[in-house]
Each structure stands twice: as structure tokens, then as C-alpha cells.
Amino acid sequence: MKELPAFDVAAFDSLEDYVLALSTAQATFQTATAPSDDLEPLAAEGVRLREMLLAEAKALSLRGLVDKHKLENLKGATSRMNIAQDLQALSTVLLESWPKIQGKTPTTQDDLLTASRLGTRLTRLVGTRDQGPVVVAEATDQRLRVFTLMLRTYEEARAAISYLRRREEDAESIAPNLYPGKGKRRAGEAQPAVPTAQQPAIGSAPVSADGTQPIPAVTPAQIAAGNAAAAAQKGAPASKDPFLA
């Protein structure tokens, strides 16, 4: 590394952490911008499953196999959030009593896990709908910050690899260009601009053994929706997304 005195080795060591953080930020962004068209059918399925589990739980409580007091705090099916909370509560109560009720009810553990997942999904959809603009703006901003940090570090790493492997001419196979459609830059040509953003404080993320975590794919529709919502929150026109640069 004597030939690269200005290269930040610590940043290179953190590159995979940044990629994993970007993957998490992208998943949050996709959840925030996903259409909620499935909210109604999901709620209907939740009502059906809630009624079934509640009937089973009441019958089992009469036999002393389930603590009836744990059923007194159920919210009822008056709202989608109440349905979600009841599904979580019923699945928890029945799973806790599973050693005593196994084989004495047609309900299976898969039914209870399904109820728990459905309750979680309902909670997220309702929360996204109620806080949609704010959630999208925050998710978009966080994704941009993490992307900027990752891209800058990656470009520094590519520059270092290109210098070290200049004689072998295989740098592109080691650290390929993230924008292959743009082609290679000629000598003296300016590097593509990276949107300015304050670097976020990213905690330690797990690092895989082989170091091959892929960069997540993004669709133009998702990007446009997120940027438009974020711009609307700030009262400014949507800026060009770095994923489409």
C-alpha cells in the first residue's frame, strides 16, 4: 500500500457493511412505496382466521387447557389494527399452551404461525397507509444517504484496484462498474456526480464469509414514487435518483 498513501483502508474494510446497510434501506423503501391494494383481502382473511382461532381458544378454555383470562384483552374485529393485534395475541396464547392442546384441536401450529405473520403484515400495511407520506420521505432519504456512502467508498476501492492491477488489466473483472451502460470514462473525463448527502451513522452489520452480497435491484416505478413523495414533503421538485444515473 506504499503506492496508495491516501487510500482509506478502513473504509474499504467497511464496504460490505455498507452494501448490507443499503440492502436493508432498499427493503424499507420498497415496503414504504409498495401499493396497499391487498389490504382489504388481507383484512378479510384476518377476520376469518381470527374468528376460527377465537372459537378454538374459547372451547379450549372451557376445558381448562387455555387460560381464559388471557382472552379478555382481545380488541375485537372493529378495525384492521384490532384484527392484527388479536391475531398476534391468539397465536401467542395458543402456542404457549401447545403442549396441552396438541392433538385436541383441529388448529395446527402452521395455522398459528400464519396468523402471526398475517397480523404483522396487517400492522405494517395499516401503518404505511396512515403514515404513508412521512414514511416514504424518511425511507427515501435514508436510502439516498446509505447509497451515497456505499457508492463513494466503492468508487475509491475501484480506483485503488485499477491502479494496483494496471499491468494485469483485470480491474474491471474484480470491481465492475456499477453503471455498465455508461461505458468507460476516457482520460480527463469527469466522474459522474454523486448526490450530496450527509453520511449516516451505520451500525455494524453482519458480514458474510464469502463477501458476495449482491447490490439490490430497484425498479424505476418504485424510485419515482419514493422521490416524488419525499419532494412533496419538502416542497421541492423530485431530484434525479442515483439508481438511475
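Within the stretch 48-89, if we keep just the residues that are closer than 17 Å to VAL126 by Cβ and surrounded by fewer than 15 Cβ atoms within 10 Å (Cβ to Cβ), the residue that is nearest to the chain's Cα centre (by Cα) turns out to be SER79. Between GLU45, GLU40, the distinction of being within 25 Å of the chain's Cα centre (by Cα) and at pLDDT below 90 belongs to GLU40 only.
Per the listing GLU40, GLU45, the residue uniquely assigned to a helix (DSSP H, G or I), of a type in the set (Asp, Glu) and in contact (Cβ under 8 Å) with a residue 60 or more places away in the chain is GLU45. Note on the stretch 1-24: residues that are among the charged types (D, E, K, R), assigned to a loop (DSSP other than H, G, I, E, B) and either farther than 18 Å from GLU155 by Cβ or at pLDDT 80 or above (or both) total 2. Hey, among the residues in the stretch 106-144 that are without any contact (Cβ under 8 Å) to a residue 60 or more places away in the chain and buried (at least 19 other Cβ atoms within 10 Å of the Cβ), which one's nearest to ASN82 (Cα to Cα)? Ranking the qualifying residues of the stretch 106-144, first place goes to LEU112. In the stretch 92-207, counting only helices (runs of 4 or more DSSP H) that sit wholly within it, the ones holding 1 or more residues that are modelled with pLDDT of 90 or more and of a type outside the set (A, V, I, L, M) span 98-101, 109-130, 132-164.
Contact map, the stretch 72-96: residues that are over 17 Å from LEU39 (Cβ atoms) and among the hydroxyl-bearing types (Ser, Thr, Tyr) paired with residues that are part of a helix (DSSP H, G or I) and open to solvent by less than 50 Å² (accessible area, probe 1.4 Å), Cβ distance under 6 Å, separation 6+ or inter-chain. Pairs shown: SER91/LEU112; SER91/ALA115; SER91/SER116.
The values are calculated or read from the model by the stated rules, or taken from the named source; none is laboratory data. Small disclaimer: the values here were computed from a predicted structure and weren't measured. Don't worry about glycine lacking a Cβ; one is built from the backbone with ideal geometry, like all the others, and counts go over all protein chains shown. Side chains are part of the model used for accessible areas, which takes the heavy atoms of the whole protein and leaves out ligands, DNA and RNA. Shrake-Rupley method; radii C 1.70, N 1.55, O 1.52, S 1.80 Å.
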